Amino acid sequence: MAKKTLRTLIGATLLAAAGLAQGEEPRVVAVTQIVEHPALDAVYQGVRDELAEEGFTEGDNLKLMHESAQGNAAIASQIARKFVGEGPDVIVAIATPSAQTMAAAARNIPVIFSAVTDPVGAKLVKSLEAPGANITGVTDMLPIERHIDLLERLVPNAKAIGTVYNPGEANAVALVELLEERLQARGMTLVKAAATKTSEVLGAARSLVGKADAIYLTTDNTVISAAEAVVSVGERAKIPVFAADTATVSRGAVAALGFDYYDHGRQTGNMVARVLNGANPGDMAVESVDTLNLFVNPAAAERMGITLSDDVLNDAQEIVKSDK
């Protein structure tokens, strides 16, 4: 029996065991997302598809609500209050700001977070192994050491690495602190440029010109929403731009070593299904994604003044074509 068919049958069996017979009220899942960009949109789609495969079908036994905060903390709070008032069976919070806002508002509703880099540091859970309370989820903590390995491999003479980040986003701050620590251990420096909103990303990126040998973008939602602005600076100044998420490579970054955020969403959806079937979030360990894929964009590399070697191209899981 195929794996997907087996999982579908298991999901259907669990639904029956939970008493979700035809004719009963559908289960309600509310999804809040801090901002719309390809990586987080892929998470949402993965959640939807996994729930369907687990036997929860929209329009049948599942009602799915979804709202984006458009990068605005005040809107995120409004969404949180609205969803808590609706009283869904499970709330899914995509990205750290939405997860923090929802965790503060939803005391008695199960919350599953996704695309959260440091759940402990963001004070969402007591520990990764035993979250406690009503919240757990899937972390996207970056393999910083391996990302620095990639930077050294593709730009071997780089000594100063630039990054743009939002100092008001806990996810971004945690990653920048870790990145700076690991770069210093290798005799390299981090040049930081702050952007508290997407409209400031271009100016922050321009401030790195003449100071950075390469630019590395973390999964900071503010910055990734305006990644093209950083890419444009990299092209004009011949500074290679690298990313932590693979979706940014098709938007003009040279390369990224990361996981598929759609798969991240599928993993999140599986946790949601388990809660719908009776599991307690506080007893479910926070999960992570281990499989990494190398995405490269040779045309972008040329525009930024470097050439990707044949061995790098051979190692890539995907070679992105984006000629201008």
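The values are calculated or read from the model by the stated rules, or taken from the named source; none is laboratory data. It should be emphasised that the depicted structure is a prediction, and the values quoted were computed from it without experimental measurement. Don't worry about glycine lacking a Cβ; one is built from the backbone with ideal geometry, like all the others, and counts go over all protein chains shown. Only protein heavy atoms, including side chains, enter the accessible area calculation; ligands, DNA and RNA are left aside. Shrake-Rupley method; radii C 1.70, N 1.55, O 1.52, S 1.80 Å.
Key figures
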read-out: Distance from the range 115-163 to the range 189-244 (C-alpha centre basis), Å; value: 19 Å
read-out: Residue-wise HN-Hα coupling along the range 37-53, computed from phi with Karplus coefficients 6.51, -1.76, 1.60 (Hz; x: Gly, Pro); value: 8, x, 5, 6, 5, 5, 4, 4, 5, x, 4, 4, 5, 5, 4, 4, 5
read-out: Nearest 10 degrees, 0 to 90: helix 144-154 Cα axis against the chain principal axis; value: 40 degrees
read-out: Within a Gaussian network of the chain (alpha carbon springs, distance under 10 Å), most fluctuating of Glu24, Glu129, Glu53; value: Glu24
read-out: The chain: relative contact order in percent, alpha carbon pairs under 8 Å with at least 6 residues between; value: 19 percent
read-out: Whole-number D in µm²/s for the chain (Stokes-Einstein; Kirkwood sum over Cα pairs; 20 °C, 1.002 mPa s); value: 105 µm²/s
read-out: Folded to 0 to 90 degrees: helix 73-86 orientation relative to the chain principal axis, Cα; value: 10 degrees
read-out: Set of aspartates and glutamates with alpha-carbon distance to Lys159 below 15 Å, sequence-local pairs under 8 removed; value: Asp149, Glu180, Glu181, Asp213
read-out: Long-range amide H partners of Lys63 with built H, under 5 Å; value: Arg27, Val28, Val29
read-out: Rounded Å value of the spacing that divides the Cα centres of the range 26-60 and the range 273-324; value: 20 Å
read-out: Computed label-point distance, nm, for sites Asn293 and Asp89 using a 7 Å Cα→Cβ extension; value: 3.1 nm
read-out: Nearest-20 debye value, the chain charge dipole, Cβ charges on Lys, Arg, Asp, Glu; value: 660 debye
read-out: Three-way shape call for the range 153-235 based on the alpha-carbon gyration tensor, with the a/c threshold at 1.5; value: oblate
read-out: Over 27 Å (Cα to Cα) - which of Lys211/Lys321; Lys82/Lys123; Lys82/Lys192; Lys63/Lys126; Lys197/Lys321; Lys82/Lys197 fall in this group; value: Lys211/Lys321; Lys82/Lys192; Lys63/Lys126; Lys197/Lys321
read-out: In sequence order, calculated HN-Hα J values of the range 240-247 (Karplus, 6.51, -1.76, 1.60; Hz; x Gly/Pro); value: x, 10, 10, 10, 8, 10, 5, 5
read-out: Volume per residue of the C-alpha convex hull in the range 78-235, rounded to whole Å³; value: 112 Å³
read-out: Helix axis angle, 3-17 relative to the chain longest principal axis, alpha carbon, degrees; value: 40 degrees
read-out: Taking the convex hull of Cα positions in the range 197-324, its mean projected area over all directions (nm²); value: 9.7 nm²
read-out: Residue-normalised accessible area of the range 60-146, expressed per residue, 1.4 Å probe, Å²; value: 41 Å²
read-out: Fluctuation leader among Glu145, Glu50, Glu287 - the chain, Gaussian network, Cα springs under 10 angstrom; value: Glu145
read-out: Neighbour net charge for Thr196 - beta-carbon separation under 12 angstrom, K R +1, D E -1; value: -2
